[in-house]
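The values are calculated or read from the model by the stated rules, or taken from the named source; none is laboratory data. The structure presented is a predicted model; accordingly, all values stated were derived computationally and were not measured. Neighbour counts are summed over all protein chains in view; Cβ atoms, including those assigned to glycine, are modelled from backbone coordinates with ideal geometry. For the accessible areas, the whole protein counts, side chains as well, though only heavy atoms, and no ligand, DNA or RNA atoms are used. Shrake-Rupley method; radii C 1.70, N 1.55, O 1.52, S 1.80 Å.
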Protein chains: 2
Amino acid sequence: MELRHLRYFLAVASHQNVRAASEELHVSQPAVSRQIQDLEDELGIQLFERLPRGIRLSRAGEAFREDISRVMAALGVACERAQRVSRGEIGELRIGYVEVAGWEGIVPDTFHAFRESAPEVRLELTPTGTPDQLAMIRAGMLDGGFIYQFDPLPPNLAALHLGEHGVLLAMPSRWAQRPDRPVKLNDLTGERFIFFHRNAYPAYYDLLLTACALSGLVPHIVQEGQNEAAVLSLVSAGIGLAIVNDRNRYRPPAQVEFREIEDLNIRLPLRFVYRHERTNPALQNMLACLENR
Amino acid sequence: MELRHLRYFLAVASHQNVRAASEELHVSQPAVSRQIQDLEDELGIQLFERLPRGIRLSRAGEAFREDISRVMAALGVACERAQRVSRGEIGELRIGYVEVAGWEGIVPDTFHAFRESAPEVRLELTPTGTPDQLAMIRAGMLDGGFIYQFDPLPPNLAALHLGEHGVLLAMPSRWAQRPDRPVKLNDLTGERFIFFHRNAYPAYYDLLLTACALSGLVPHIVQEGQNEAAVLSLVSAGIGLAIVNDRNRYRPPAQVEFREIEDLNIRLPLRFVYRHERTNPALQNMLACLENR
DNA sequence: CAGATTGATGCTTTCAAGGCATCAGTATAG
DNA sequence: CTATACTGATGCCTTGAAAGCATCAATCTG
């Protein structure tokens, strides 16, 4: 059995007339007659009653017609759906992002732009750190992610540069007697510092310490946090100072104030990273949003 | 697009391997490769990603696979259903019957037998008179009916003889002083009679009057009822006597007694009638039940 | 009764599916 | 590190089935 048989069957059934159906199908009448006979032979049943003049659907044919129309409609929908998935119009896109980067700027803007351009794609957002994202992207658990990239990318991953963020000094509010004014690193000698674990972002960690050293500061690290949020909680608790992403200004924790650091020029390179063989068509769409921003 | 494309696609998708699929399909590997390519060309999308070694479903391919498996399953069900309809195992059978004939004997027995042999056929029963049934059968509103046949059948209708029923005298209880004993027609001269309308069953009506005349009775008809139930209601009300189907003994109305009529030998020929081109396969099943009784 | 219209059938053609041989690329075993 | 095996793709040829043409048989219509 082939779709041809079913197409011819539906045409004949709807016209109740072989010749009319054959014209609609743009084939000769004998061809249609034969295909209908073949279909009947294969099913082993009569789909049409042969009247002295003309034909008419049998009971079985009526049932078959109802079912087959639904089947053909479903087939059409299936093709349509596959094409829309392939164009990235429907489906699912799993994107990771560093939480602070999602508070303002290109990351949330891109999410909005994507939602407008592909409203039927389920956008699954996973806020998590850079190393986590890279692992998940490589494992195929994420289609892409917004990260701060210091280390070179693993092979297979491609990146889109989106700009750079800076760093700020975070201090407990009650330590900040003087009004908001930039500080210098060597003013901070002897202060107690909170850092993140080195093995979380080794390259960034080393970059930070090197920059401090160049400005004559070897920070006295009294505690380490799992991530920046944890570090800021410790600052909020009055444990010490910390150097953090400047995006934290958009959602300052309680009991914490931020100061620019005059002599520390560290840039956090925000990138969108994805597997080079972009397997998810919706990803193309997101890349387009990023490039046309 | 033909079913071949879809069958090959599903095979390749489930094996994630062209050669394995080609073996399952009993065709050569190049044939499968080509059909997959043709399908992709026709849909205008990539269903598979070509890896350096082997292939893998693309996102669109995954969506297509899910949909197409359902489509193919539905197609199988459709064929199955059409075949079962054609064998009369499922579907609908609309049968008429004269109510009194349905109270006992072959008519209800056949209904039970049919229900056992084709439990999934919806049996739609319509209790109504012989002329009504014949009209509905000819109009295609009924597939067949149990009738009492006096007039010759219209063309296109076939009949199965099922036996004969007799007639009884029905009288109001308070008129029946003597115990149940057969009566003779000429004992009833001068009695008031209730008949049915002649145009309802002309042949039966005439047969009845002729038989009465032969026994020396010209019944004094005081009222006519639409059908036998109406006639019996009038008897029950004490309006007069009536000659009715002997099946009424199985559900005697209140205030009515029945007597056999010694010198009236009228036989009511019970027949199953259907259109000669038995268009409903379930009807075959019912005919089989009637013939194997 | 002539002509039109129905679907079926015999014969021929044609086009596409299938098979074979082979290629290019990569993984694997020795 | 090479030989081999295995992947899917491609070129070429064969063949089978679908389509077309002409026609038939039956029936309806004017």
Between B:Q37 and A:L207, the two model label points (7 Å from Cα along the beta-carbon direction) sit apart by a distance in nm of 4.8
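Please sort by residue number the GluC sites (Glu not before Pro) in segment B:111-152 whose DSSP state is loop and whose Cβ has at most 13 other Cβ atoms within 10 Å.
Working: sites: B:E116, B:E120, B:E124; in loops: B:E120.
Passing sites in segment B:111-152 are B:E120.
For segment B:1-89, which trypsin sites (Lys or Arg not before Pro) are both in a DSSP coil and crowded by at most 13 other Cβ atoms within 10 Å?
Details: sites: B:R4, B:R7, B:R19, B:R34, B:R50, B:R53, B:R56, B:R59, B:R65, B:R70, B:R81, B:R84, B:R87; in loops: B:R53, B:R87.
Answer in residue order: B:R53.
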Given segment A:167-293, what percent of its DSSP beta bridges are antiparallel, to the nearest 5? 55
Scanning chain B for helices, which whole DSSP H stretches are 20 Å or more long along the axis (Cα) and average -0.5 or more by Kyte-Doolittle? B:59-86
Residues of segment B:183-203 with the amide nitrogen closer than 16 Å to a label point 7 Å from the Cα of B:S233, along Cα-to-Cβ, please. B:194-197
List every residue whose amide H lies under 5 Å from the amide H of A:T126, counting only residues 5 or more places away in sequence or on a different chain, with H placed 1.01 Å from N in the peptide plane. A:I95, A:G96, A:Y97
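What accessible area per residue comes out for the protein assembly as shown, rounded to a whole number of Å², with a 1.4 Å probe?
On the way: 28720 Å² over 586 residues.
Each residue of the protein assembly as shown exposes 49 Å² on average to a 1.4 Å probe.
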Using 0.36 nm times the number of residues separating A:D151 and A:E120, minus their current alpha carbon distance, what extension gain do you get? 7.7 nm
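Please report the buried accessible area for the interface of B with A, total over both chains, probe 1.4 Å, in Å² to the nearest 100. Please list the in-between numbers first.
Working: alone 15800 and 15800 Å², together 28720 Å².
Counting both chains, the buried surface is close to 2900 Å².
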Relative contact order (percent, whole number), chain B, Cα cutoff 8 Å, 6+ residue spacing: 22
How shielded is B:1-11 by partner chains, expressed as the average number of their Cβ atoms within 10 Å of its Cβ atoms? 3
First select every other residue whose beta carbon is under 11 angstrom from the beta carbon of B:E2; then total the charges, Lys and Arg +1, Asp and Glu -1. +1
With labels modelled as points extended 7 Å from the Cα through the Cβ direction, what inter-label distance (nm, one decimal) is found for A:Q226 paired with B:W103? 8.5
Virtual spin-label span in nm between A:A158 and A:E291, 7 Å along Cα→Cβ: 0.8
Hey, can you rank A:187-195, B:138-146 by average C-beta count inside 10 Å, highest first? B:138-146, A:187-195
